[in-house]
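I have placed the structure first, in the form of structure tokens, so that the comments after it can refer back to it.
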Amino acid sequence: MKLVLDTNVYSDYAEGVSETVDIMATQGEQIYLPSIVLGELQFGFMKGKRQAFNEKKLRQFTEILNIDVINVNADVARKYAAIYLSLQKKGTKIPINDVWIAASCMEVGGTLLTRDKHFEVVDQIDTIILELGSKEQKI
């Protein structure tokens, strides 16, 4: 399956959360990162004290696992508009970056791997929503 990673899932993977690592290994025939996720990660790295370390770890992750980055283009922008309009018609809101992440997922026909339950309201994509409580033993 094509797995598109949300920011929290990359963070879990980087921390070695076994559930996340297992799902990516067993179900991720191809793994994608939306450019929006890269922006969120870079923001977090810049706020922290280990920016260079975290950037190197992300670079190694994308190279070793042959991760494809989903860039925002005109097709993704149209999908964003369709998802945002659909949510607005339902009277539902999710964080705006997550609308872009959903549009990126829709662009590649992937399944979003996330810990955010609010993606359940996005009808245009398939999701695997990991439980927050399952962030147990780290390897």
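Six or more apart or on different chains, Cβ under 6 Å: which pairs go from a residue in the range 89-111 that's in contact (Cβ under 8 Å) with a residue 12 or more places away in the chain and in a helix (DSSP H, G or I) to one that's charged (D, E, K, R) and surrounded by 18 or more Cβ atoms within 10 Å (Cβ to Cβ)? Could you list them?
Listed pairs, sorted by first residue: Ala103/Lys79; Met106/Lys79; Glu107/Lys79.
From the list Lys89, Lys79, pick out the single residue that is among the charged types (D, E, K, R), touching a helix residue (DSSP H, G or I) at 6+ places or on another chain (Cβ under 9 Å), at pLDDT 95 or above and within 16 Å of Asp123 (Cβ to Cβ).
One residue alone meets the criteria, Lys79.
Would you mind finding the one in Lys56, Lys49 that is outside any helix (DSSP H, G or I) and without any contact (Cβ under 8 Å) to a residue 40 or more places away in the chain? So that I can check it myself, show each step before the final result.
Details: Lys56 fails: outside any helix (DSSP H, G or I).
None of the other options fit; the residue is Lys49.
Could you check how many residues of the range 40-66 are surrounded by 18 or more Cβ atoms within 10 Å (Cβ to Cβ) and among the β-branched types (Val, Ile, Thr)?
Matching residues across the range 40-66 total 0.
Just a yes or no: is a residue in the range 36-52 over 20 Å from Ile129 (Cβ atoms), at pLDDT 95 or above and in contact with a strand residue (DSSP E or B) (Cβ under 7 Å, 6 or more places away or on another chain)?
yes
Out of the residues in the range 12-29 that are in contact with a helix residue (DSSP H, G or I) (Cβ under 8 Å, 6 or more places away or on another chain) and of a type outside the set (Gly, Ala, Ser), which is nearest to Gly110 (Cα to Cα)?
Met24
Starting from residues that are assigned to a helix (DSSP H, G or I), touching a residue at least 60 places away in the same chain (Cβ under 8 Å) and among the aliphatic types (A, V, I, L, M), keep the ones in the range 8-39 and report whichever is surrounded by the fewest Cβ atoms within 10 Å (Cβ to Cβ).
Among those that are assigned to a helix (DSSP H, G or I), touching a residue at least 60 places away in the same chain (Cβ under 8 Å) and among the aliphatic types (A, V, I, L, M), it is Val21.
The values are calculated or read from the model by the stated rules, or taken from the named source; none is laboratory data. Owing to the predicted nature of the structure, the values given are computational and were not obtained by experimental measurement. All Cβ positions, even for glycine, are placed from backbone atoms using ideal geometry, and neighbour counts span all protein chains on display.
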